[in-house]
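Visitor: Got a structure for you, questions after.
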Amino acid sequence: MTNLTETGAGYTDGDVDTNIHNTGPTLNTLIDQRYSRRQTLQRGGAAIAAATMGGSVLAACDSNFTDPGEGPTISAGSSGATTSGKPVTLTGTGSAAAYSWTQIAGPTVTLTGADTLTATFIAPSVSTATTLSFQFAGANNTGPATGTKVDVVISPAVLGFAAVAKNKLDVVSVPAGYTVTVINRTGDPILSGVAAYKNDGTDTNFAGRIGDHGDALYWFGLSATGTRDATSSTRGLLVQNHENINQQYLHVAGATSVGGARPESEAIKEIECHGVSVTEVTEGANRAWAVNATSTFNRRITPSTPMVFNGPVKGADLLKTAFATNGTAGRGTINNCANGNTPWGTAITCEENWAGYFRRASTDTAGRTAKELAALNRYGVTSGSGSYSWSTVVAADATNTLFRRWDARVSGATATDDFRNEPNQFGWVVEIDPYDKTKAPRKRTALGRMGHEGCFPGAFVVGRKPAWYMGDDATNEYLYKFVSNTAWVAADADATDRLAIGDKYMDAGTLYVAVFNADGTGSWKALTYGTNGIDASYAPYAFSSQIEVLVNPRLAADAAGATPMDRPEWTAVNPVTGEVYLTLTNNANRVTTADTPTSSQRRTDAANPRVYVDLPSTSRGNRNGHIIRLRETGDTTEATGFTWDIYLFGAGSDLDATNVNVSGLTADQDFSSPDGLYFSRASNAAGKVKPLLWFQTDDGAYTDVTNCMMLAAMPGTVGDGGARTITNTNGAGVTSTQATRVGAAATAATLKRFLVGPVECEITGVDTTPDGRTLFVGIQHPGEGGTAAAPSSHWPDSQATGTAGATIRPRSAVVVITKNDGGLVGL
């Protein structure tokens, strides 16, 4: 916090009297004349003090004020300097009946306490050093008013915190000067009548509780009257994904089975722990955040919640099952990882690693076409009983198909007699209206079916077709873009039927896949039936319609010659430049150009250039991942070409600076396996000029040194680095070179570690309130390697002291991070 009364903070009065002594009107005179604000400003500084006061206040002051003399003597603190996003305190001294701080120059700020001796504001966003001037004035009932001026020089935003050291503590570590509050723990009740959580494996009714493995999250503002208010920073809805479960902690002594069949009660609990939660959260006194556990907005969306399909695939034969006989209805969403949003106020959730939940046998070929088998193999629905064997449950109600649906084997005469097509009901982008629980979520089939990590939008510009950018989270998969057929209309941001606006922009458009060229350029290939080799002549899968393209875009992207990436994860779009960032977590199946790849491996290329060993593991590949970025040609979402470079390379600071630690990371910056990715909102200083980028890790390669983490960065732009040649070495000791494009090296001013999580967690999910003063971060699966009898983490119970009881089970949760001085988080 910058307190302008501190000595030595810029300009001081010294022996020169800088107060403005004025023979203007007295306080009573101003009341009598009832000056307007404009008239008062025109009369100069002495009148300003009185002009900012209301008539009733002035009357009260007049009756209670004892005149100390001819006029009040007042002074303001010395002039000073600070940076964007920091709180500033203006302090005046003196004796008067009334006071007023008024801004007279510079970008407009909101003054709190402007009618007191002490006023505060948040330093606004600026691109160069900018002076803000304020008039401090006072007046009493008979003497002349007095005023004085103070200047504050605001410089551009900086990373305003000391880097957090790597550690393996069982707490969430943040910089000094910040406070951590824990909310939305796994099992917390969010509906009336749901019992308090015991956390001993006996709890039930997760359809009324916070789910497990909290992932991506987003803040949706609420007004005081409970309507949508995108500007609200004190009351809102937190929408969070629940990707998966720590199965061992949900049951008394871990999961069980009887004769190979899972108990129905255990399966219900595990299923309900997946999906999405919507909770109302509010800021109370002293900036204390809490969840309203009885809010009518609270809801759970689980794998059993009714859904509807929208877009080109709606009603297609490939969606028909024994439940959805007409191919239009669905049940639930699962393995929800990253997210997205829309300017009309809806949440986007994405279905990622859904394939592993299904049961299939290697002998499940009878009644299948060659194309069906090709698609099932390409998407990983191959053999096994499914991740949690839910299909083995013998339901108490024989008509209940909520468990049988996870059995994708052919067992009936037609597709509507079994659940062979149930895998096609998952892998979609899902749109939810968080403000209206009566509206069924909609699966947007125009955006394609894959292992959707996230779906983040580009800039919405009136008259231009909007786009969403999507990573397919699996090794050697692709980056996609969906461009709507409809140009953006600004008025749609305020529509009340929000899902209908989603129909307008997300049910028709073109799905593209990215090709990264060696020279730093790239192109978007349309995944349209009949183009780019996507037709019946494609041998692995003979396409016959656009419906087949959208159900199987991985196969279409193969045909189009897309660039396989090192496990594409989250996307984020710089709100100032429009540049698109993509985290590439790691790739154990990347080999050198001197190697002969297997069917699951890919050689290095310019966009995925590294192969190395990061001890203690002796495995080769891109062990620590990287972040790539691209700039659309013409800075438009409608572009079919782009330029790119690699923004940052994950690495330990002790690794080879020439070929591995290419970004020159120090001990305050090094990281591994980037995953979550988010730019601060453009509604505050952290999202303007040079926006703050947050990125999070989901790591296994660096966990011998540190728990997973979140870093804050201020990136430059595509092309701020240059060409680079990396030398890779294969297992036989043979070296080969790979040319690539790299961004500018990291510096202490552009990259710092902000947070380190508890033991065995993943840091995932991040958003701020619109004012940037509150940060929400998801802490997922702490203690995932432990057992019910011996948990390997005790977080969040351990947050206060670093320790907790030896048998206390860990829980995923959200942490709310605020800056103690009231400023913007990170700045």
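The values are calculated or read from the model by the stated rules, or taken from the named source; none is laboratory data. All figures in this text were calculated on a predicted structure; none of them were measured in a lab. Heads up, the Cβs are rebuilt from the backbone with ideal geometry, glycines too, and the neighbour counts pull from every protein chain shown. Ligands, DNA and RNA are stripped out before the accessible areas are found, and what is left, the full protein with its side chains, is counted by its heavy atoms. Shrake-Rupley method; radii C 1.70, N 1.55, O 1.52, S 1.80 Å.
Visitor: Inspect all residues belonging to the range 371-378 and state whether any of them is of a type in the set (A, V, I, L, M, F, W, C) and buried (at least 19 other Cβ atoms within 10 Å of the Cβ).
Guide: So in the range 371-378, the residues of a type in the set (A, V, I, L, M, F, W, C) come out as 373-376.
Checking the rest, the ones that are also buried (at least 19 other Cβ atoms within 10 Å of the Cβ) come to 375-376.
For the range 371-378, residues of a type in the set (A, V, I, L, M, F, W, C) and buried (at least 19 other Cβ atoms within 10 Å of the Cβ): present.
Results for (1) closer than 30 Å to Val461 by Cα; (2) free of Cβ contacts under 8 Å to residues at least 12 places away in the same chain; (3) touching a Phe, Trp or Tyr at 6+ places or on another chain (Cβ under 8 Å); (4) buried (at least 20 other Cβ atoms within 10 Å of the Cβ), shown as yes or no for each residue.
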residue	(1), (2), (3), (4)
Ser304	no, no, no, no
Thr321	no, no, yes, yes
Gly327	no, no, yes, yes
Gly330	no, no, yes, yes
Thr333	no, no, yes, yes
Gly340	yes, no, yes, yes
Thr346	yes, no, no, yes
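Visitor: In a strand (DSSP E or B), on the phi < 0 side of the Ramachandran plot, surrounded by fewer than 17 Cβ atoms within 10 Å (Cβ to Cβ) and out of contact with any Cys (no Cβ under 7 Å at 6 or more places or on another chain): which single residue out of Thr204, Thr231, Thr179 fits that description?
Guide: Within the list Thr204, Thr231, Thr179, the selection yields Thr179.
Visitor: Moving on to the next point. Within the range 207-228, which residues are closer than 24 Å to Pro796 by Cα, in a loop (DSSP other than H, G, I, E, B) and either open to solvent by 10 Å² or more (accessible area, probe 1.4 Å) or not hydrophobic (A, V, I, L, M, F, W, C) (or both)?
Guide: The answer is Gly211, Asp212, His213.
Visitor: Something else: Would you confirm whether or not the range 634-646 contains a residue that is free of Cβ contacts under 8 Å to residues at least 60 places away in the same chain and either on the phi > 0 side of the Ramachandran plot or in a loop (DSSP other than H, G, I, E, B) (or both)?
Guide: So far as the range 634-646 goes, yes, one or more of its residues are free of Cβ contacts under 8 Å to residues at least 60 places away in the same chain and either on the phi > 0 side of the Ramachandran plot or in a loop (DSSP other than H, G, I, E, B) (or both).
Visitor: Kindly indicate the residue of the range 82-113 that is at pLDDT 95 or above and among the small types (Gly, Ala, Ser) and also surrounded by the fewest Cβ atoms within 10 Å (Cβ to Cβ) among those meeting that condition.
Guide: Going through the qualifying residues, I end up with Ala105.
Visitor: How many residues does the range 747-760 hold that are open to solvent by 10 Å² or more (accessible area, probe 1.4 Å) and either under 30 Å from Gly785 (Cβ atoms) or within 22 Å of the chain's Cα centre (by Cα) (or both)?
Guide: Number of matching residues: 4.
Visitor: Scan the range 254-276 and tell me whether some residue there is in a strand (DSSP E or B) and touching a strand residue (DSSP E or B) at 6+ places or on another chain (Cβ under 6 Å).
Guide: Within the range 254-276, one or more residues are in a strand (DSSP E or B) and touching a strand residue (DSSP E or B) at 6+ places or on another chain (Cβ under 6 Å).
Visitor: Name the pairs: first residue in the range 453-472 and on the phi > 0 side of the Ramachandran plot, second residue in a strand (DSSP E or B) and not aliphatic (A, V, I, L, M), Cβ to Cβ under 8 Å, at least 6 apart or on different chains?
Guide: Gly463/Trp488
Visitor: Among Gly743, Gly772, Gly757, Gly785, which is the only one that is of a type outside the set (Asp, Glu), touching a residue at least 12 places away in the same chain (Cβ under 8 Å) and at positive phi? Outline the logic, then answer.
Guide: Details: Gly743 fails: at positive phi; Gly757 fails: at positive phi; Gly785 fails: at positive phi.
None of the others qualify; the one that does is Gly772.
Visitor: Which residues, taken from the range 182-196, are open to solvent by 40 Å² or more (accessible area, probe 1.4 Å) and either touching a helix residue (DSSP H, G or I) at 6+ places or on another chain (Cβ under 8 Å) or over 19 Å from Trp289 (Cα atoms) (or both)?
Guide: Across the range 182-196, the qualifying residues are Leu191, Ser192, Gly193, Ala195, Ala196.
Visitor: Let me ask something additional. Inspect the range 284-296 for any residue being without any contact (Cβ under 8 Å) to a residue 12 or more places away in the chain and outside any loop (DSSP other than H, G, I, E, B) and give the result as yes or no.
Guide: There is at least one residue in the range 284-296 that is without any contact (Cβ under 8 Å) to a residue 12 or more places away in the chain and outside any loop (DSSP other than H, G, I, E, B).
Visitor: Of the numbered conditions (1) of a type outside the set (Gly, Ala, Ser); (2) open to solvent by 10 Å² or more (accessible area, probe 1.4 Å); (3) part of a loop (DSSP other than H, G, I, E, B); (4) touching a Ser or Thr at 6+ places or on another chain (Cβ under 7 Å), Pro691 satisfies every one except a single condition; which is it?
Guide: Result: Pro691 passes all but (2).
Visitor: Moving on to the next point. Say whether the condition of being buried (at least 22 other Cβ atoms within 10 Å of the Cβ), farther than 16 Å from Tyr379 by Cβ and not aliphatic (A, V, I, L, M) is met by at least one residue in the range 458-465.
Guide: Yes: the range 458-465 contains one or more residues that are buried (at least 22 other Cβ atoms within 10 Å of the Cβ), farther than 16 Å from Tyr379 by Cβ and not aliphatic (A, V, I, L, M).
Visitor: Does the range 556-567 include one or more residues that are open to solvent by 20 Å² or more (accessible area, probe 1.4 Å), assigned to a helix (DSSP H, G or I) and either at pLDDT 95 or above or of a type in the set (Phe, Trp, Tyr) (or both)?
Guide: Here is the first cut: in the range 556-567, the residues open to solvent by 20 Å² or more (accessible area, probe 1.4 Å) are 558-559, 561, 564, 567.
Then drop every residue that is not assigned to a helix (DSSP H, G or I), which leaves 558-559.
From the residues that got through so far, the ones that are either at pLDDT 95 or above or of a type in the set (Phe, Trp, Tyr) (or both) too are 558-559.
There is at least one residue in the range 556-567 that is open to solvent by 20 Å² or more (accessible area, probe 1.4 Å), assigned to a helix (DSSP H, G or I) and either at pLDDT 95 or above or of a type in the set (Phe, Trp, Tyr) (or both).
Visitor: Ok, one more. Out of everything in the range 128-172 that is among the hydroxyl-bearing types (Ser, Thr, Tyr) and open to solvent by 20 Å² or more (accessible area, probe 1.4 Å), what residue ends up being farthest from Leu755 (Cα to Cα)? Write out each step before concluding.
Guide: Keep residues of the range 128-172 that are among the hydroxyl-bearing types (Ser, Thr, Tyr), which gives 128, 130-131, 133, 142, 146, 148, 155.
With open to solvent by 20 Å² or more (accessible area, probe 1.4 Å) added as a condition, the list becomes 128, 130-131, 142, 155.
Details: Thr128: 29, Thr130: 31, Thr131: 33, Thr142: 57, Ser155: 26 Å.
Step by step, filter the range 128-172, then rank; the result is Thr142.
Visitor: Out of the range 467-520, which residues are open to solvent by 30 Å² or more (accessible area, probe 1.4 Å), within 17 Å of Thr445 (Cα to Cα) and among the β-branched types (Val, Ile, Thr)?
Guide: Thr486, Thr510
Visitor: Here's a follow-up. If we keep just the residues of the range 722-735 that are open to solvent by less than 20 Å² (accessible area, probe 1.4 Å) and either polar (S, T, N, Q) or assigned to a loop (DSSP other than H, G, I, E, B) (or both), which is nearest to Thr618 (Cα to Cα)? Outline the logic, then answer.
Guide: If we filter the range 722-735 for residues that are open to solvent by less than 20 Å² (accessible area, probe 1.4 Å), which is where we start, we get 726, 728, 730.
Restricting the remaining residues to those that are either polar (S, T, N, Q) or assigned to a loop (DSSP other than H, G, I, E, B) (or both) gives 728, 730.
Working: Asn728: 15, Asn730: 12 Å.
Looking at residues that are open to solvent by less than 20 Å² (accessible area, probe 1.4 Å) and either polar (S, T, N, Q) or assigned to a loop (DSSP other than H, G, I, E, B) (or both), I get Asn730.
Visitor: Between a first residue in the range 165-182 that is without any contact (Cβ under 8 Å) to a residue 12 or more places away in the chain and a second residue that is open to solvent by 50 Å² or more (accessible area, probe 1.4 Å) and not acidic (Asp, Glu), which pairs have beta carbons less than 6 Å apart while being 6 or more apart in sequence or on different chains?
Guide: none
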